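None of the figures in this text is laboratory data; all of them are computed from the coordinates on show. Nothing here was measured: the structure is a model prediction, and the numbers come from that model. Every residue, glycine as well, gets a Cβ built from its backbone with ideal geometry; the counts of neighbours run over all protein chains shown.
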Amino acid sequence: MNRKSLLRHLTVLGVLTLTIALGGCSGDKTEKGSEAVPGKESSQVSSGEPSMGGSIVVGIPQDLEDSLDPHKMVAAGTKEVLFNINEGLVKPDSDGNLIEAVASHYDISEDGKTYTFTLRDGVKFHNGNPVTVDDVIYSIERCADATGGEPLVPAYSNIESIEADGNNVVITLKEPNTEFLAYMTTAIIPKDYNELDTQPVGTGPFRYVSRSPQENIVIEKFADYWGEPAYLDQVEFKIVADADTIVMSLKGGSIDMYARLTSSQAAELKEDFNIEEGTMNLVQALYLNHAEAPFDNKLVRQAMCYAVNPQEVMMMIADGKGTEIGSSMFPAFGKYYVEDLKDMYTQDLNKAKELLTEAGYPDGFDMTITVPSNYQPHIDTAQVLVEQLKQVGIRATIQMIEWDSWLSDVYADHNYQSTVVGVDASALTARALLERFTTGNSGNFINYSNPEYDSLFQQAVSTADDAKQVEIYKQMETLLAEDAANVYIQDLADLVALNKKYGGYTFYPLYVQDMSKIYLVKQ
Amino acid sequence: MKKDRRNLNFILGCVICAVMLLLVILGFFYTPYGPDAMNGPDKFAAPSLRHLMGADQFGRDIFSRVLKGLGTTGWISLVTVAIGGLTGTLVGALTGYYGGILDEILMRINDILTAFPSFLLALVFISVLGPGKGNLIMALSIAFIPSFARVVRGEFLLYRERDYVKSAKLWGASGIRIMFIHILPNALPVILSSAAIGFNNAVLAEASLSYLGIGVQPPDASLGRMISEASAYLFSAPWCAVFPGVMIILLILGFGMISDGLKR
């Protein structure tokens, strides 16, 4: 028990600076949300008259082990739940725009250095207290605090000052930054409130009720919500840690909704459930630990890229649904996304064998793929990869581990050879996906290190010219692909099963489940 | 009359097990398709001449996987019973024959192990050691020692007071010789019968643990692992679960009948 909680703390510590949602999935978005988001559907597929009241049980693959503190959570699976409880000054909507939330209005000065947010009237915390300017400043300063090294939100190291001005909060930056607004989704919490980890308080449409470890998390409708109220009175997130039991749990009625199914699972459910389809908005790849031989050898990594056929993976696990990607960026990022990179390594077994021979592994090698046991799409992907790698003599075995162990062993301790997961972005900018691969970054769990990449990143964050910045981010993506940093596979199709009693499921370009839009269909 | 029935059980059991053994040997040398070879177009193909038992969610041939899985499950169970049985027999023989303080110590340890349901014990071992075939065998073996030790000890307690043992002692035979040359053969039917039951339990335990996802790791095939993966598709592609399930039933039936026939 002690060892476990120690591990957990280490994990949280290790990752807390970069809020990366790393779970099996994720989502993210374009900067100001102005770009079209291909593959994302915000339509409400299930129809029927909404009615107020009722409750729902939603299956989720993992417990919220990392932290209930919205500033410290790292797992995508935690973010998708807490999205219902917390809000920032602005928040993403289902089309990928940033809309005003706790702030009713914001102004960005001409020079891009001063951001003025006007607080919305009548916003209350779940404990009944009104949100004040002090709370906002406290929340942002908490994330900008650099005394422990990197601030909780690294982008906040650019903040020069935060000041209250009547009902306004004025943030002045050291350098103009075009991406800054995307980072203002940081949850607003009550000033000096110390129990976030056990009893989170926010301003969202739902308030936290209880959590039973490894069992469930219960939230209920917040009556004093400033915006459009939720339909449902209560939502229970139930942990279904064994991927094999999802279909049975849905059919048996112990859960009403589950997101991110494989196509085979969805096919089994389509008669009794509404199946909604979107994309997960994440970078699924075979992530390679560059600190471990033979993955420190670029030729080996390239050989693996040539050995793998993402199209076949998609065919096997999702009947061809999903989007092939070639770098750490997915189509929902619009202007940052470089589509051509996916063609850099078209499957070519001979080429792969040549590269392996050149690298000194003419007979291939043995390797282990570590996969979190609660994510069926990743388990299935790993199985297909094992077969594909076998064709060039690479003998891979799969090791399934619990999500907790994945977070501590793989993500925090870098103690693994390779792993199949999806990595998402925590904010609506390319930085959120690309910063983690800079040398020494706490989220750099693959130990990638390339001085050229690091210097490009420095250039990108210090430029105020949006077009130039986009260009540099694109170069960084290309560099990742050329280095074969990881064996990139796809942005997965997201299949959601929702009991026919309910309607209103809404896809976001982020890794979230917006429960406030789900309703019971009027009988 | 009664005796005939038992023999019938024994014969039928042997026939079933022989067929199973043949399938395992067949699977060792030949399978119609690679057990792990994926084939997209054949996803969820129903049983046909092409795929005798159909194909699973990756288009893998279930017949090939059943042959392979039978081997895996059988091998794990066999090794488990062998290790557990040998250790258990040794412990039972020593404690039963010598008694005294050794008996007290070992049997109390045995009691502690027995106090946990063997399945739970295996679960604990696996969560400490981590999943995988080798650890699974180790965990199950340890969980199987107490039942063997208890049974064998009982037999040895019974026989050590017999006249032929006493006379062997008078002739100066060593303890080891008496235990293994004189007493063990008499206890053999009981040991074999518990081994057959133990084998059944091991098959079920392996299947259950693999079903829970902590035994054999994908893409390796074992009967429990196959059922586990297929449970999600039970209604749309029942053949994925039915055939491995039938194999488990037959395996257990076969050994159950043999153990029945062996009794007395």
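Quotient of the Cα radius of gyration of the stretch A:169-269 and 2.2 N^0.38 Å, N being its number of residues: 1.49. Give me the Kirkwood hydrodynamic radius of the stretch B:113-264, using the inverse of the mean 1/r over all pairs of distinct Cα atoms, in Å to one decimal. Kirkwood radius, the stretch B:113-264: 17.8 Å. Phi angles of the stretch A:353-361 translate, via the Karplus equation with coefficients 6.51, -1.76, 1.60 and θ = phi - 60°, into HN-Hα couplings of 5, 4, 5, 5, 4, 4, 7, x, 10 Hz per residue; Gly and Pro are given as x.
May I ask which residue of B:Val128, B:Met247, B:Ser236 lies farthest towards the positive end of the charge dipole of the stretch B:2-263, with charges of +1 (Lys, Arg) and -1 (Asp, Glu) on Cβ and the Cα centre as origin? Sorting the options by dipole projection puts first B:Met247. How big is the gap, in Å, between the Cα center of the stretch A:71-87 and the Cα center of the stretch A:121-139? Rounded to whole Å, the Cα centres lie 19 Å apart. Around the amide H of B:Gly54, modelled in the peptide plane, lie the amide H atoms of B:Ser48, B:Ile62, B:Phe63, all under 5 Å away and 5 or more residues distant in sequence or on another chain.
Over all alpha-carbon pairs in the stretch B:81-147, figure out the percentage whose distance exceeds 21 Å. Result: 27 percent of Cα pairs exceed 21 Å. Modelled spin labels at A:Asp340 and A:Asn415, positioned 7 Å past Cα toward Cβ, are 4.4 nm from each other. Close amide H pairs (under 5 Å, H built 1.01 Å from N) link A:Met367 with A:Arg395, A:Ala396, A:Thr397, residues at least 5 positions away or on another chain.
Among B:Val81, B:Asn110, B:Leu94, which residue has its Cα furthest toward the positive end of the charge dipole of the stretch B:40-115, with +1 on Lys/Arg Cβ and -1 on Asp/Glu Cβ? So the residue we want is B:Val81.
With a Cα cut-off of under 20 Å and a minimum spacing of 8 residues unless on different chains, the lysine pairs in the stretch B:2-263 number 4.
Global size of the stretch A:282-491: 16.3, 50 Å for Rg and Dmax (C-alpha atoms, Rg to one decimal, Dmax whole). Taking the empirical scaling 2.2 N^0.38 Å for compact globular proteins as reference, the stretch A:247-298 has a Cα radius of gyration ratio of 1.79. Its residues counted as N, chain B yields a C-alpha radius of gyration over 2.2 N^0.38 Å of 1.18.
Backbone geometry of the stretch A:244-259 corresponds, through the Karplus equation with coefficients 6.51, -1.76 and 1.60 at θ = phi - 60°, to 3J(HN,Hα) couplings of 6, 9, 4, 4, 5, 5, 5, 5, x, x, 7, 10, 9, 8, 8, 9 Hz, x marking Gly and Pro.
Taking the charge dipole of chain A about its Cα centre, with +1 at Lys and Arg Cβ atoms and -1 at Asp and Glu Cβ atoms, the residue from A:Tyr345, A:Pro372, A:Gly53 reaching farthest to the positive side is A:Gly53.
Remark: the stretch A:176-186, residue by residue, has Karplus-estimated 3J(HN,Hα) of x, 9, 6, 8, 4, 4, 4, 8, 8, 7, 3 Hz, where x stands for each Gly or Pro and the curve is 6.51 cos²θ - 1.76 cosθ + 1.60 at θ = phi - 60°. Of the residues A:Asp233, A:Asp107, the one with the fewest other Cβ atoms within 10 Å heads the list, and the complete ranking is A:Asp107, A:Asp233. Less than 5 angstrom separates the built amide H of A:Val392 from none of the residues sequence-distant by 5 or more or on a different chain. A simple charge model with +1 on the Cβ of Lys and Arg, -1 on the Cβ of Asp and Glu and nothing else charged puts the dipole of the stretch B:41-173 at about 240 debye relative to its Cα centre.
Remark: spin-label model distance A:Tyr193-B:Ser174 equals 7.7 nm, labels positioned 7 Å along the Cα→Cβ axis.
For A:Asp95 and A:Ser51, the FRET efficiency from 1/(1 + (r/R0)^6), where r spans their Cβ atoms and R0 equals 22 Å, is about 0.30. According to the Kirkwood relation over distinct C-alpha pairs, the hydrodynamic radius of the protein assembly as shown is 28.9 Å. Do the sum for the protein assembly as shown: with -39,500 (n - 2.57) for every DSSP H run of n ≥ 4, divided by all residues, what is the mean residue ellipticity at 222 nm, to the nearest 500 deg cm²/dmol? Mean residue ellipticity, 222 nm, calculated: -13000 deg cm²/dmol. When B:Ser259, B:Ser208 are arranged by Cβ crowding within 10 Å, least crowded first, meaning fewest neighbours, the order is B:Ser208, B:Ser259.
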